[in-house]
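Student: Take this structure first; my questions come after.
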Amino acid sequence: MTAATVKIRHDEILVGFKPIDDLHKEFQDILDALNDPAEADYGQHLLALHEHLLRHCATEERFMLQENYPHYARHKRAHEQLLESVSDERRQFDAGDIAAVRRYAAGMMEWFAIHAQSEDAELAGFLKGLRA
Ligand SMILES: [Fe+2]
Ligand SMILES: [Fe+2]
């Protein structure tokens with residue numbers, strides 16, 4: 001694990017809204033497994049990541065729709081790009097390009113932290129405001 005990964009893990013992906021933070025912790029565990037050099041089964045971990053992200057994105061989108069969140073379309077587009085990128089990686093894995101999967105996994109927390117701090121943090125602030 002790199003120093004950058006350690007730095008990101010504790011303070012940058014939590015948004016202060018428990019249902020979303022629970023998903024973010026789960027995401028971190030799954031990504032850690034994918035990044036663990038002792039774990040050789042990239043196909044299995046990529047599948048777990050894909051399944052998790054489908055549920056993760058759908059849960060956030062359900063909150064947005066339930067509460068008429070004004071930035072639903074923008075946030076959903078970011079999710080669609082994310083899910084497409086995971087599909088691409090699974091295709092690359094199936095084609096035998098393990099190095100591409102390794103690079104993708106290594107860079108993913110950086111992407112995720114930016115999404116968490118922007119789209120997800122804004123959504124969490126909106127949802128918390130409704131409950132205040
Ligand atoms: Fe999220
Ligand atoms: Fe999101």
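Only the coordinates and a few stated rules stand behind these numbers; no lab work does. Everything quoted here is computed from the prediction, not taken from an experiment. Counting neighbours? That spans all protein chains shown, and the Cβs are built from the backbone with ideal geometry, glycine included.
Student: In segment 80-110, how many are under 14 Å from CYS57 (Cβ atoms) and either touching a residue at least 24 places away in the same chain (Cβ under 8 Å) or not in a helix (DSSP H, G or I) (or both)? I'd like the intermediate steps shown before the answer.
Tutor: Pass one, segment 80-110, residues under 14 Å from CYS57 (Cβ atoms): 80-87.
Still in the list and also either touching a residue at least 24 places away in the same chain (Cβ under 8 Å) or not in a helix (DSSP H, G or I) (or both): 82-83, 86-87.
Residues in segment 80-110 being under 14 Å from CYS57 (Cβ atoms) and either touching a residue at least 24 places away in the same chain (Cβ under 8 Å) or not in a helix (DSSP H, G or I) (or both): 4 in total.
Student: Related question: From HIS24, HIS45, which residue is within 16 Å of ligand 1 (Cβ to nearest atom) and either assigned to a helix (DSSP H, G or I) or among the hydroxyl-bearing types (Ser, Thr, Tyr) (or both)?
Tutor: Values: HIS45 fails: within 16 Å of ligand 1 (Cβ to nearest atom).
None of the others qualify; the one that does is HIS24.
Student: While we're looking at this one, here's another question. Return the pairs, sorted by first residue and then second, in which the second residue is of a type in the set (D, E, K, R) and more than 9 Å from ligand 2 (Cβ to nearest atom), the first residue lies in segment 115-131 and is under 15 Å from TYR72 (Cβ atoms), the beta carbons are less than 8 Å apart, and the residues are 6+ apart or on different chains.
Tutor: GLU119/ARG74; PHE126/GLU67; LEU127/GLU67; LEU130/GLU67
For every residue, the table says whether it meets (1) within 15 Å of ligand 1 (Cβ to nearest atom); (2) under 15 Å from the mean Cα position of the chain (by Cα).
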{"position": "ILE30", "(1), (2)": "yes, yes"}
{"position": "PRO70", "(1), (2)": "no, no"}
{"position": "ARG90", "(1), (2)": "no, no"}
{"position": "ILE98", "(1), (2)": "no, no"}
{"position": "ARG103", "(1), (2)": "no, no"}
{"position": "ALA106", "(1), (2)": "no, yes"}
{"position": "HIS115", "(1), (2)": "yes, yes"}
{"position": "PHE126", "(1), (2)": "yes, no"}
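Student: Could you please find all residues in segment 72-87 being basic (Lys, Arg) and more than 10 Å from ligand 2 (Cβ to nearest atom)?
Tutor: Going residue by residue through segment 72-87, those that are basic (Lys, Arg) are 74, 76-77.
ARG74, ARG77, listed by residue number.
Student: Exactly one of these conditions fails for LEU130: (1) farther than 18 Å from LEU54 by Cα; (2) in a helix (DSSP H, G or I); (3) touching a Phe, Trp or Tyr at 6+ places or on another chain (Cβ under 7 Å). Give me its number.
Tutor: (3)
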